[in-house]
Amino acid sequence: MVELKLPWPPSELSPNSRGHFMQLARAKKKYRQDCAWATIQQRQAQGAGLPNKLRVELTFYRPSRRDYDRDNLLARMKAGLDGVADGLRIDDKRFDTIAVRVADEIGGYVLVRISGDSNG
């Protein structure tokens, strides 16, 4: 199992954000790079030894008590998951099952757990 602690996704990546498309593109690129770098730093063996179908569990530790919609949180993580795949040197098509959870605790980060898919 791989466990990663990633930075909180920026608000520009929310589907409800109405920013300029270039601002969105910069935010996506930076967040993807940040998550790839965090993955590389936290995992030495890369994607070797991981099964073909992977289960990804995302636990969001909100930066404040504000409520967030789970669908929007998952959408905000698209660039982050691409960065994780980059850091592991795997194709993100291997992410077969994705589970989203919002923790009660405050923290301002996303905990990502990647394991073999129990269904496959």
How large is ³J(HN,Hα), in whole Hz, for each residue of region 90-102 in order, when computed from phi with the Karplus curve 6.51 cos²θ - 1.76 cosθ + 1.60 and θ = phi - 60°, using x for Gly and Pro?
10, 7, 5, 5, 6, 6, 7, 10, 10, 10, 10, 9, 10
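Report, to the nearest whole %, how much of the accessible area of the chain belongs to carbon and sulfur atoms, 1.4 Å probe, protein only. It would help to have the intermediate numbers written out before the result.
Details: 3300 of 7070 Å².
C and S fraction of accessible area: 47 percent.
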State in Å² the accessible area per residue of the chain; use a 1.4 Å probe, count heavy atoms of protein chains only, and round to the nearest integer.
59
Out of all DSSP beta bridges with both ends in the chain, state the antiparallel percent to the nearest 5.
65
Mind putting a number on the dipole of the chain about its Cα centre? Charges go on the C-beta only, +1 for Lys and Arg and -1 for Asp and Glu, and I need it in Debye to the nearest 20.
300
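The values are calculated or read from the model by the stated rules, or taken from the named source; none is laboratory data. Please read these numbers as outputs of a predicted model, since none were measured by experiment. Reconstructed Cβ throughout: ideal geometry from the backbone, glycine too, with neighbour counts over all protein chains shown. SASA here: full protein model, heavy atoms, side chains in, ligands and nucleic acids out. Shrake-Rupley method; radii C 1.70, N 1.55, O 1.52, S 1.80 Å.
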